[in-house]
Amino acid sequence: MEIDPFIFRLSIFILSIFIGYYVVWSVTPSLHTPLMSVTNAISSVIIVGAIIAGLAGNLDGDLTISNIFGFLAISLAAVNIFGGFLVTQRMLQMYKKKKKDK
Amino acid sequence: MSANLSAIFYLISGVLFILALRGLSSPETSRQGNFFGILGMTIAITVTFLSIGSFSSGLIYVLIFLSVGGLIGAFIAYKIPMTAMPELVAGFHSLVGLSAVLVAISAFLNPEAFNLGSSGNIKFASLIEMSIGAAVGAITFSGSIIAFLKLQGIMSGSPITFKGQHLFNALLLISIIVLTYLLCSSQSSEFFWILLAVSFLIGFLLIIPIGGADMPVVISMLNSYSGWAAAGIGFTLENSALIITGALVGSSGAILSYIMCKGMNRSFFNVILGGFGATEQSASSVDKEHRPVKSGNAEDAAFLMKNASSVIIVPGYGMAVAQAQHALREMVDTLKKNDIKVTYAIHPVAGRMPGHMNVLLAEANVPYDEVFELEEINNDFANADVAFVIGANDVTNPAAKNDPQSPIYGMPVLDVEKCKSVLFVKRSLSPGYAGIDNDLFYKENTLMLFADAKKMTEEITKNL
């Protein structure tokens, strides 16, 4: 019997939870705020679904409600992607080591 | 681009996201990690465009909405003050939630575009995945909005509770499952809309009973939810990048919630069920009212610190409110010029989100190797001359160690009282979030400095 592709996706999902578990425990507590903003940015990869929804065509070539929901989702996810990565960048620039020579 | 090739690219961007989180294990590698994240996102978006191939008339709108959203996001990222980071993160969570909902709606309305079957005849498994993604997304959205309003101060930070709240929430949760079942068996769209409405309501009701200082747990939890919502949509779209990212973000948020709960010695359910700090307040403030307190001014504080050889600074939410981090750093610079050793001690739940204090200190150019976590520094208090507590309260309360009756008993606290002298910058004697008195205020070696944190710090610097 063939294995349902769903099972493969489930395997990816479960293994990623474990990867996430170990990777996040190794994050230093002083970087927990950047961790939140960067996870925010990467979870906006949901924009992939929004782009598919926005570009889905129908026979007449008119825009459908489904397209419009896609556009809205694109702009929301884009706010998050740019905002999330840039604010993380801004925060990380601030973490500096003590200057040894003085 | 063939489906197999794009699947491989999605996998690559998933791996890059893992590396992005891995980079955060130390400040040196973190910037590189962020670059990996950006790269992963760029790959995912590019591949999506290439795999669609034939573009409909929607392309122009897609690009417009993408750039408008991007510009708004970039603008916010550059303008936002670091003290507003908790609000920003809560706001961003709500956007992830809402976009998950919107994607689920458009997949429901136009299943052909997503290969999910046809309208009114959507694949069973896809419907379940879609419902989960949409429901969790909606909960994330309305919950984050409430968290945002509470953090911003638009809504009162005190818990809002009503009778039968938990029972009502439980019923709503059960109704979600029932609605999903009905939706799958009947395929009728009404159930989908009701499901969304109920989920929005749950998110709202879930967060209103939780008080302001429990926000670190709430934000982490919503972070986790936004991940699970993304993963749910990832299953619907059969997209590995989304599934991997959703799982990463989901477990990341869950771990942060766990760390925050441990920092308060409270169980996750205790926080989620809410209402903390609302009941205890009246009982404790009566009997201890008239104890003597030593209060001083900036000169006394400056004198104490000038004669010290080591000072430990304990910042809390009050420092963020008063925006005192820059003034504090200037004071520390002056102390260091006098050859006084200064370190910072950070409690895990100081502030309104995980790592909040660290970011503020980093903003004020405090080197991160002078900033220590609770376990690293707690033994040093016994050897330090002065502890300078600025805007913190409950996290220093010795009652957590020696009063089994106290609501915060068992919570890990900073051993501030072991210092030779303690300086407390606070606006009044009022109890902290837990609603309990702090014995430390009345100790022989404690000097209270009643003032705004920023003004007091500036004055101390003048007197040094």
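The values are calculated or read from the model by the stated rules, or taken from the named source; none is laboratory data. Here the structure is a predicted model, which means the values were calculated and not measured. Here Cβ is always computed from backbone atoms with ideal geometry, including for glycine, and neighbour counts include all displayed protein chains.
What to note about this one:
- Within the range A:13-61, the residues that satisfy the criterion of being polar (S, T, N, Q) and within 7 Å of chain B (Cβ to nearest Cβ) are A:Ser16, A:Ser26, A:Thr28, A:Ser30, A:Thr33, A:Ser37, A:Thr39, A:Asn40, A:Ser43, A:Ser44.
- Residue check, A:Val48 crowded, with 24+ Cβ neighbours inside 10 Å and either touching a Pro at 6+ places or on another chain (Cβ under 7 Å) or without any contact (Cβ under 8 Å) to a residue 12 or more places away in the chain (or both): yes
- Criterion: outside any strand (DSSP E or B), modelled with pLDDT of 85 or more and touching a helix residue (DSSP H, G or I) at 6+ places or on another chain (Cβ under 7 Å) - qualifying residue of B:Val413, B:Val389: B:Val413
- B:Pro354 vs. criteria modelled with pLDDT of 85 or more and either over 27 Å from B:Ala451 (Cα atoms) or under 21 Å from the mean Cα position of the chain (by Cα) (or both): yes
- Out of B:Thr29, B:Thr48, one residue alone is in a helix (DSSP H, G or I), within 8 Å of chain A (Cβ to nearest Cβ) and either of a type outside the set (Lys, Arg) or touching a residue at least 60 places away in the same chain (Cβ under 8 Å) (or both). It is B:Thr48.
- Annotation: B:Ala134 fulfils all but one of (1) at the interface with another protein chain (Cβ under 10 Å from one of its Cβ atoms); (2) closer than 30 Å to B:Arg352 by Cβ; (3) crowded, with 24+ Cβ neighbours inside 10 Å; the unmet one is (1).
- The residue list B:Phe65, B:Phe9 contains one member that is more than 8 Å from every other protein chain (Cβ to nearest Cβ), farther than 14 Å from A:Ile42 by Cβ and either under 31 Å from the mean Cα position of the chain (by Cα) or surrounded by 16 or more Cβ atoms within 10 Å (Cβ to Cβ) (or both), which is B:Phe9.
- So B:Gln152, is it surrounded by fewer than 18 Cβ atoms within 10 Å (Cβ to Cβ) and in contact with an Asp or Glu (Cβ under 6 Å, 6 or more places away or on another chain): yes
- When every residue of the range B:164-183 is checked against the conditions, none turns out to be at pLDDT below 90 and touching a Lys or Arg at 6+ places or on another chain (Cβ under 7 Å).
- Here the condition is being under 17 Å from B:Leu183 (Cβ atoms) and more than 7 Å from chain A (Cβ to nearest Cβ); of B:Leu127, B:Leu109, it holds for B:Leu127 alone.
- Members of the range A:62-76 that are in a loop (DSSP other than H, G, I, E, B) and within 7 Å of chain B (Cβ to nearest Cβ): A:Leu63, A:Thr64
- One residue alone among B:Val342, B:Val332, B:Val366 is within 14 Å of another protein chain (Cβ to nearest Cβ), more than 22 Å from B:Asn223 (Cβ to Cβ) and part of a helix (DSSP H, G or I), and that residue is B:Val332.
- Scanning the range B:236-276 for residues that are out of contact with any Lys or Arg (no Cβ under 8 Å at 6 or more places or on another chain) and among the hydroxyl-bearing types (Ser, Thr, Tyr), we see that the one that is modelled with the lowest pLDDT is B:Ser267.
- B:Gly58 vs. criteria crowded, with 22+ Cβ neighbours inside 10 Å and either out of contact with any strand residue (DSSP E or B) (no Cβ under 8 Å at 6 or more places or on another chain) or modelled with pLDDT under 90 (or both): yes
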